[in-house]
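As structure tokens, the structure follows; a few thoughts come after it.
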Amino acid sequence: MDIRLSDCFIAVDDHDKALAFYRDVLGLEVRNDVAFEGMRWVTVGAPSQPDVNIVLEPPLANPNASPADKQVMAELLAKGLLRGVIFSTDDCDATFERISAAGGEVLQEPMDQFYGVRDCAFRDPAGNLLRFTQPLAK
């Protein structure tokens with residue numbers, strides 16, 4: 001049996017800000033941009049991984065959700081508590097410099113971790129945690 005990652009979802013509250021970050025700062029390509037029932041889903045991905053998609057979705061993609069549920073989701077998103085994504089990079093320090101120079105919200109500067117990677121962390125414009133890891137040389 002062959003199981004591979006196909007899609008993952010990240011909640012965003014402003015697709016235009018998210019696109020400016022994921023496309024323009026991170027260099028991901030836009031693969032799809034779909035509107036439905038007043039909501040929007042944008043699919044992005046790394047050119048080097050054509051079979052792996054990140055779907056930038058509304059925080060609560062459920063038209064039947066109560067106003068209270070929508071409020072809770074908005075609060076969780078604002079606190080960065082909904083999702084996190086880890087990207088791999090061949091140069092953590094250069095990635096950090098590029099993202100921080102573009103105004104990315106820094107959570108952690110590059111540092112070597114005891115479990116064998118050098119990594120750094122940012123929040124995207126919606127507050128989601130993004131980590132960028134590079135394997136340490138053995």
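Kindly evaluate residue 63 against the criterion of being more than 13 Å from the chain's Cα centre (by Cα), loosely packed, with under 14 Cβ neighbours inside 10 Å and modelled with pLDDT under 90. Even if it seems obvious, please write down each step before you answer.
Values: more than 13 Å from the chain's Cα centre (by Cα): yes; loosely packed, with under 14 Cβ neighbours inside 10 Å: yes; modelled with pLDDT under 90: yes.
Spelling it out, residue 63 is indeed more than 13 Å from the chain's Cα centre (by Cα), loosely packed, with under 14 Cβ neighbours inside 10 Å and modelled with pLDDT under 90.
Out of the residues in region 101-138 meeting the condition of being among the aromatic types (Phe, Trp, Tyr) and more than 24 Å from residue 82 (Cα to Cα), tell me which one is surrounded by the fewest Cβ atoms within 10 Å (Cβ to Cβ). Reasoning before the result, please.
Filtering region 101-138 for residues among the aromatic types (Phe, Trp, Tyr) gives 114-115, 122, 132.
Next, only the ones that are more than 24 Å from residue 82 (Cα to Cα) stay: 114-115.
Values: 114: 6, 115: 8.
Out of the qualifying residues, it is 114.
Can you find, within region 100-138, the residue that is modelled with the highest pLDDT among those that are assigned to a strand (DSSP E or B) and among the basic types (Lys, Arg)?
Of region 100-138, the ones assigned to a strand (DSSP E or B) are 105-112, 117-123, 129-135.
Next cut, among the basic types (Lys, Arg) only: 118, 123, 131.
Details: 118: 97, 123: 92, 131: 94.
The selected residue is 118.
If you take the residues of region 76-86 that are among the small types (Gly, Ala, Ser) and outside any helix (DSSP H, G or I), which of them is surrounded by the fewest Cβ atoms within 10 Å (Cβ to Cβ)?
Start the filter on region 76-86 by keeping residues that are among the small types (Gly, Ala, Ser), which leaves 78, 80, 84.
Of the ones still in play, those that are also outside any helix (DSSP H, G or I) are 80, 84.
On the way: 80: 17, 84: 13.
By that ranking, first place goes to 84.
Among the listed residues 88, 48, identify the single one that is closer than 26 Å to residue 117 by Cβ, out of contact with any strand residue (DSSP E or B) (no Cβ under 9 Å at 6 or more places or on another chain) and of a type in the set (Ser, Thr, Tyr).
Working: 88 fails: out of contact with any strand residue (DSSP E or B) (no Cβ under 9 Å at 6 or more places or on another chain).
Every option except 48 fails the conditions.
Of the conditions (1) small (Gly, Ala, Ser); (2) within 16 Å of residue 21 (Cα to Cα); (3) modelled with pLDDT of 95 or more, residue 94 clears all except one; give me its number.
(2)
Go through region 1-56 and give me each residue that's among the basic types (Lys, Arg) and outside any helix (DSSP H, G or I).
In the first step, residues of region 1-56 are kept if they are among the basic types (Lys, Arg); the result is 4, 17, 23, 31, 40.
Of everything in region 1-56, those that are among the basic types (Lys, Arg) and outside any helix (DSSP H, G or I) turn out to be 4, 31, 40.
Kindly establish whether residue 97 is more than 17 Å from residue 124 (Cβ to Cβ) and in a strand (DSSP E or B).
Details: more than 17 Å from residue 124 (Cβ to Cβ): yes; in a strand (DSSP E or B): no.
Here the answer is no, as residue 97 does not meet what is asked.
Any residue in region 90-113 that is among the aromatic types (Phe, Trp, Tyr) sitting within a Cβ distance under 6 Å of a residue that is surrounded by 13 or more Cβ atoms within 10 Å (Cβ to Cβ)? List the pairs, counting only those 6 or more apart or interchain.
Within 6 Å, the pairs are 96/110; 96/120.
Going through region 34-60 one residue at a time, which ones are at pLDDT below 80 and either β-branched (Val, Ile, Thr) or within 17 Å of the chain's Cα centre (by Cα) (or both)?
If the condition is that a residue be at pLDDT below 80 and either β-branched (Val, Ile, Thr) or within 17 Å of the chain's Cα centre (by Cα) (or both), then 59, 60 are the ones that fit.
Condition check ((1) touching a Ser or Thr at 6+ places or on another chain (Cβ under 7 Å); (2) buried (at least 17 other Cβ atoms within 10 Å of the Cβ); (3) of a type in the set (Ser, Thr, Tyr)) across all residues:
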position	(1), (2), (3)
56	no, yes, no
59	no, yes, no
74	no, no, no
88	yes, no, yes
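Can you tell which of 23, 4, 31 is surrounded by 12 or more Cβ atoms within 10 Å (Cβ to Cβ), at pLDDT 80 or above, among the basic types (Lys, Arg) and more than 13 Å from the chain's Cα centre (by Cα)?
Values: 23 fails: more than 13 Å from the chain's Cα centre (by Cα); 4 fails: surrounded by 12 or more Cβ atoms within 10 Å (Cβ to Cβ).
Among 23, 4, 31, only 31 is surrounded by 12 or more Cβ atoms within 10 Å (Cβ to Cβ), at pLDDT 80 or above, among the basic types (Lys, Arg) and more than 13 Å from the chain's Cα centre (by Cα).
The values are calculated or read from the model by the stated rules, or taken from the named source; none is laboratory data. As the structure is a prediction and not an experimental result, all values here were calculated from the model. Every residue, glycine as well, gets a Cβ built from its backbone with ideal geometry; the counts of neighbours run over all protein chains shown.
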